[in-house]
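The structure under discussion appears below in the form of structure tokens.
The values are calculated or read from the model by the stated rules, or taken from the named source; none is laboratory data. Only a predicted model underlies this, so the values are computations on that prediction, with no experimental measurement involved. Counting neighbours? That spans all protein chains shown, and the Cβs are built from the backbone with ideal geometry, glycine included. Note: areas computed on protein heavy atoms with side chains; ligands, DNA, RNA excluded. Shrake-Rupley method; radii C 1.70, N 1.55, O 1.52, S 1.80 Å.
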Amino acid sequence: MTYNSKVLLIYTGGTIGMNRNPHTGALEPFDFEHLLFNVPELKQFDTQIATYQFNPPIDSSDMSPRLWIELAHIIADHYAQYDGFVVLHGTDTMAYTASMLSYMLENLTKPVILTGSQLPIGQLRTDGKENLITAVEIAAEKDEEGHARVPEVGIYFNGHLLRGNRTTKQSADEFNAFESFNYPHLVDAGVNITYHGGRILKPDFARPMTPHFRLDTSVVIFSLFPGVREDLIRHIIATPNLRAIVMRTFGSGNAPQNPWLISALRDATRYGKIIINISQCMQGRVEMGRYDTGFQLKEAGVISGYDSTVESAVTKLMYLQARFDDTEQVRHYMQQSIRGEITV
């Protein structure tokens, strides 16, 4: 039999491949072949599907930079043999993994689609079947020139393909678990699958994909809140070997007008630490010139995260800090869209 496309299905773990322990009632991973047994529809595809399984499968709460590097190696090592990749992943850290892979896989010319489910694949009401089947179909799809229709890292869930580094988990309970609040959907799947070509990244198909396997995790996230204490903030800023801070602020990038806070942030930037201003709001962007409270942050050396998600900002820092020792280069690229992650 001749197949139109070849897709590698990578199973890392997650709810989609779990079963309920009859003794404890808790969900636990089971053999990947059992997952395939529950989705016989995959055999109807005009697509050759090969599989790769993490051993042992992991809960996505245990996802780590080491496993991101392993995942990037799996994709890079099999890149020439397959037309697309589907990564089955737990939902809790899926947006972090999708963001990180978008940075680690430079000039990606093939789809890397992450998906999973809110209910195990063996349950009657599972959302896993549709998510998996449509993710494979999108990963296999090519245009008239034979190029991938979606050559980027995406998350497919509940009828929508979202740009991976724009996506946040919005619900622990609903099937519509993910949304990209500041960027429109790449693909909408109803009766027909609609590809929004103008929203999809256009790589240089004449150039190879370049993987990157080094990460620098010397970054921390903290949120401002009414009553935040000076001693705690200064303690975080003074952490040895800390290179960058993702600071979640109010509204369009505002912070309390406490002189000590501005002083602490100015000290941090003076000593070479990078501080990225990210809004605590799900939707919208940081505009530090709109209000005086935001303008003071800018004067202290804090740089705008624009409309970035927290997941994207922290993984982008890990990627850039591993590539560049020079703080100014990291600051420069944090203010540029390198994978479609922000609107500048």
For this session: Enter the accessible area of Ser223 (Å², nearest 10), with the probe set to 1.4 Å and all protein chains included.
Result: 40
Problem set entry | DSSP-assigned coil residues among trypsin sites (Lys or Arg not before Pro) in segment 195-234, each with at most 15 further Cβ atoms within 10 Å | Arg214, Arg229
Seminar exercise, completed: For Ser279, the residues 5 or more places away or on another chain with a placed amide H closer than 5 Å to its own amide H are Thr249, Val286
Exercise. Counting only residues 5 or more places away or on other chains, whose amide H sits under 5 Å from the amide H of Val87 once H atoms are built in the peptide plane?
Worked result: Ile10, Ile113, Leu114, Thr115
For this session: Name the aspartates and glutamates eligible as straight-distance cross-link partners of Lys6: C-alpha to C-alpha under 18 Å, and not fewer than 8 places from it in the same chain.
Result: Glu41, Asp46, Asp77, Asp83, Glu137, Glu141, Asp143, Glu144, Glu145, Glu152
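Which links in Lys43/Lys142; Lys110/Lys298; Lys202/Lys298; Lys169/Lys298 stretch past 31 Å when you go from one Cα to the other?
Details: Lys43/Lys142 20 Å; Lys110/Lys298 38 Å; Lys202/Lys298 33 Å; Lys169/Lys298 29 Å.
Going by Cα-Cα distance, Lys110/Lys298; Lys202/Lys298 fall outside the 31 Å limit.
Tell me, what is the per residue accessible area of segment 186-331 in Å², probe radius 1.4 Å? All intermediate terms of the calculation are to be shown ahead of the outcome.
Working: 7080 Å² over 146 residues.
Heavy-atom SASA per residue in segment 186-331 reads 48 Å².
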For this session: Starting from segment 98-164, pick out the GluC sites (Glu not before Pro) whose DSSP state is loop and whose Cβ has at most 11 other Cβ atoms within 10 Å.
Result: Glu144, Glu145
Problem set entry | In segment 191-272, the chymotrypsin sites (Phe, Trp or Tyr not before Pro) that fall in loop regions by DSSP, at most 16 other Cβ within 10 Å | Phe205, Phe213, Tyr271
For this session: Go through segment 99-116 residue by residue and turn each phi into a ³J(HN,Hα) via Karplus (6.51, -1.76, 1.60, θ = phi - 60°); whole Hz please, and just put x for glycine and proline.
Result: 4, 4, 4, 5, 7, 6, 10, 6, 6, 5, 10, 9, x, 10, 10, 8, 8, x
Exercise. Once amide H atoms are placed 1.01 Å from N in the peptide plane, what residues at a sequence separation of 5 or more from His160, or on another chain, have their amide H within under 5 Å of its amide H?
Worked result: Ala189
Exercise. How much mean residue ellipticity at 222 nm does the chain get from its helices, if each DSSP H run of length 4 or more adds -39500 (n - 2.57) and you divide by all residues, to the nearest 500 deg cm²/dmol?
Worked result: -8000 deg cm²/dmol
Seminar exercise, completed: Taking a crude spin-label model, label points 7 Å out from Cα along the C-beta direction, the Ala238 to Asp188 distance in nm is 5.4
Exercise. Anyone know which of Gly84, Gly122, Gly154 comes out most mobile in the 10 Å Cα GNM of the chain?
Worked result: Gly122
Exercise. With every protein chain present, what accessible area does Val220 have (1.4 Å probe, heavy atoms only), rounded to the nearest 10 Å²?
Worked result: 50
Exercise. Which residue fluctuates the most in the chain, going by a Gaussian network model with Cα springs under 10 Å, if the choices are Ala206, Ala98, Ala189?
Worked result: Ala206
For this session: Please turn the phi angles of segment 167-172 into ³J(HN,Hα) values with the Karplus equation 6.51 cos²θ - 1.76 cosθ + 1.60 (θ = phi - 60°), one per residue in order, whole Hz, x for glycine and proline.
Result: 9, 9, 6, 10, 8, 8
Problem set entry | Percent accessible area from carbon and sulfur atoms, the chain, protein chains only, probe 1.4 Å | 49
Seminar exercise, completed: A student applying the Cα gyration tensor rule (rounded when a/c is under 1.5; otherwise prolate if a/b is larger than b/c, oblate if not) would label the chain prolate
